[in-house]
Amino acid sequence: MSVDERTIAADLRRVTVVVPTYARPASVRRQVEYWGNRGPSLLILDGSEQEMGIDFVSNLPENVRYVHSVTSFSHRRMIAADYVSTEFTILLPDDEFHLESGLGNCIRYLDQHPDVIGCGGKVLGFFVEQGEFRAFHGYDDWLRFPDDCVTIRERLDFALPPKKAHKVECSLFRSEAWKQIFRESYSDQYSCGFTYERLLNLYAAVLGRTELIDSVLWMRSLENPPTHSVDAPRLDRNNFVAWATSGEFRDEVDHYFAKAQKILRTSGELSEQEIDTYARRFLFGGIQRQIDKEARSQQGLKHKLGKLAIAHGPSFVKRAAKRIVPSRFLRFTGWRGDRMSTVMELLQSRGIYCSPSDMDRVERLALATARAR
């Protein structure tokens, strides 16, 4: 092991990776293979009806903790804080990856900037099509806070609609901030799975500055459909705009608005008038921004799918292209993916660091998963 590898391994021991999961035992086993005995503490929160078998539970690496908790989507994320004792914490979906090099770079950034509470990196989507690993650069619209954006009012003004910063759900946080943000954001249950990440973004902006660095941190998987469950529904009447505007969930929406006010009030720096103004931007501005986003996606859909998607996309997109699928699904499709050599060249041209050895590990595991299906 080189000096750099030893340094990264030592830094990663300061991190807990929290992986909530439901009914995906193969993904859980892949997470253990990826993280086992490699530095971070891995906390698996399994809400499945059936616990993983004794052969799995009794042979976990020392750095892995498995908790079987048949509770809701939101409750498992809320209680995760009770199991965290490391300096830093980060959330990870069960079928995805954080690159070790990206985590290491985020840790070093936080060490060098004690006034910053959290750090995220660049995102690559990935999938396997016809036996080849493909990837693409995602979330190009994420923005870092400007250097002079330091006060709570400046952070809120930049993060709330009509403006937009970066998402923080899968960023690395100092654990005390992570616990506070996740406990509050997931302490209530709503009939729309898109509500929680919005609360996370709001509370993070209230608590302090988060950063976005030019290093690939998060590998988003397109191997499975987007999550839609009974306790975190995201489709049709439970999509964010429908949930917020139909009137069916009026009591929940009123509670959600009051919760935003409560979070804003925790700062102790804002007047009641400011709290009301920011809460309205959070809710009503968020609704309008989502409406505008979906309208743009639908307009672009007619041009993007057609022959290009059918000719070059993964098989499931080829089928969907012929039926004009919803924009919320297209955001997670990989029909524009490239071979890793092309992606690495693109990242390098943009000044974004991505570890080839880390990517090799992700590619190997993704290909093995595809072959096993």
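The sole residue among GLY53, GLY47 that is touching a Lys or Arg at 6+ places or on another chain (Cβ under 6 Å) and more than 20 Å from ARG373 (Cα to Cα) is GLY47.
Here GLU154 clears all of (1) outside any strand (DSSP E or B); (2) within 19 Å of the chain's Cα centre (by Cα); (3) of a type outside the set (Gly, Ala, Ser) except the condition numbered (2). Are any residues in region 111-144 touching a strand residue (DSSP E or B) at 6+ places or on another chain (Cβ under 6 Å) and closer than 18 Å to ALA177 by Cβ, and if so, which ones? Within region 111-144, VAL116, ILE117, GLY118, CYS119, GLY120, GLY121, ARG144 qualify. Note on region 177-196: residues that are surrounded by fewer than 22 Cβ atoms within 10 Å (Cβ to Cβ) and either closer than 30 Å to ASP360 by Cα or aliphatic (A, V, I, L, M) (or both) amount to 1.
Number of residues in region 167-176 that are hydroxyl-bearing (Ser, Thr, Tyr) and assigned to a loop (DSSP other than H, G, I, E, B) equals 1. Once region 221-244 is narrowed to residues that are in a helix (DSSP H, G or I) and surrounded by 13 or more Cβ atoms within 10 Å (Cβ to Cβ), the residue that is modelled with the lowest pLDDT is ASN238.
Scan region 52-85 for residues that are of a type in the set (A, V, I, L, M, F, W, C), in a helix (DSSP H, G or I), under 22 Å from SER175 (Cβ atoms) and free of Cβ contacts under 8 Å to residues at least 60 places away in the same chain and jot them down. Steps first, please.
Pass one, region 52-85, residues of a type in the set (A, V, I, L, M, F, W, C): 52, 54, 56-57, 60, 64, 67, 70, 73, 78-81, 84.
Add one more test, that the residue is in a helix (DSSP H, G or I), and what stays is 54, 56-57, 73, 78-81.
Subset that is under 22 Å from SER175 (Cβ atoms): 73, 78-81.
Answer for region 52-85, where residues must be of a type in the set (A, V, I, L, M, F, W, C), in a helix (DSSP H, G or I), under 22 Å from SER175 (Cβ atoms) and free of Cβ contacts under 8 Å to residues at least 60 places away in the same chain: just ILE79.
Would region 160-174 turn up any residue that is without any contact (Cβ under 8 Å) to a residue 40 or more places away in the chain and either buried (at least 20 other Cβ atoms within 10 Å of the Cβ) or under 24 Å from PHE126 (Cα atoms) (or both)? Step through it out loud before you land on a result.
As a first pass, look at region 160-174 and keep what is without any contact (Cβ under 8 Å) to a residue 40 or more places away in the chain: 163.
Then drop every residue that is not either buried (at least 20 other Cβ atoms within 10 Å of the Cβ) or under 24 Å from PHE126 (Cα atoms) (or both), which leaves none.
No, the conditions are met nowhere in region 160-174.
Of all residues in region 209-248, which are on the phi > 0 side of the Ramachandran plot and not acidic (Asp, Glu)?
To start, the set of residues in region 209-248 that are on the phi > 0 side of the Ramachandran plot comprises 236, 247.
Residue satisfying the conditions is GLY247 alone.
In region 317-373, counting only helices (runs of 4 or more DSSP H) that sit wholly within it, the ones holding 3 or more residues that are over 20 Å from the mean Cα position of the chain (by Cα), more than 16 Å from GLU132 (Cα to Cα) and modelled with pLDDT of 95 or more span 340-349.
For region 77-94: of the residues being among the charged types (D, E, K, R) and surrounded by fewer than 22 Cβ atoms within 10 Å (Cβ to Cβ), which is farthest from GLU176 (Cα to Cα)? Even if it seems obvious, please write down each step before you answer.
Step one: list which residues in region 77-94 are among the charged types (D, E, K, R), which gives 77, 82, 87, 94.
Imposing the further condition that a residue be surrounded by fewer than 22 Cβ atoms within 10 Å (Cβ to Cβ) reduces the set to 82, 87.
On the way: ASP82: 11, GLU87: 8 Å.
Filtering region 77-94 for residues that are among the charged types (D, E, K, R) and surrounded by fewer than 22 Cβ atoms within 10 Å (Cβ to Cβ), the one farthest from GLU176 (Cα to Cα) comes out as ASP82.
Quickly run through region 24-51 and pick out the residues that are within 16 Å of ARG77 (Cβ to Cβ), among the acidic types (Asp, Glu) and in contact (Cβ under 8 Å) with a residue 40 or more places away in the chain. Selection gives nothing.
Please verify whether region 177-200 includes one or more residues that are at positive phi and either outside any strand (DSSP E or B) or touching a Phe, Trp or Tyr at 6+ places or on another chain (Cβ under 7 Å) (or both). So far as region 177-200 goes, no, none of its residues is at positive phi and either outside any strand (DSSP E or B) or touching a Phe, Trp or Tyr at 6+ places or on another chain (Cβ under 7 Å) (or both). For region 236-255, the tally of residues that are touching a helix residue (DSSP H, G or I) at 6+ places or on another chain (Cβ under 8 Å) and either free of Cβ contacts under 8 Å to residues at least 40 places away in the same chain or not acidic (Asp, Glu) (or both) stands at 13.
Could you please let me know if THR21 is within 24 Å of TYR190 (Cα to Cα), in contact (Cβ under 8 Å) with a residue 40 or more places away in the chain and surrounded by 14 or more Cβ atoms within 10 Å (Cβ to Cβ)? Quick ask: steps written out before the conclusion?
Details: within 24 Å of TYR190 (Cα to Cα): yes; in contact (Cβ under 8 Å) with a residue 40 or more places away in the chain: yes; surrounded by 14 or more Cβ atoms within 10 Å (Cβ to Cβ): yes.
So THR21 fits the description; yes.
Kindly indicate whether any position in region 209-218 is crowded, with 16+ Cβ neighbours inside 10 Å, touching a residue at least 60 places away in the same chain (Cβ under 8 Å) and outside any strand (DSSP E or B). No, region 209-218 contains no residue that is crowded, with 16+ Cβ neighbours inside 10 Å, touching a residue at least 60 places away in the same chain (Cβ under 8 Å) and outside any strand (DSSP E or B).
The values are calculated or read from the model by the stated rules, or taken from the named source; none is laboratory data. A quick note: this is a predicted structure, and the numbers were derived from the prediction, not measured. Cβ: placed from backbone, ideal geometry, glycine included. Neighbour counts: every protein chain shown.
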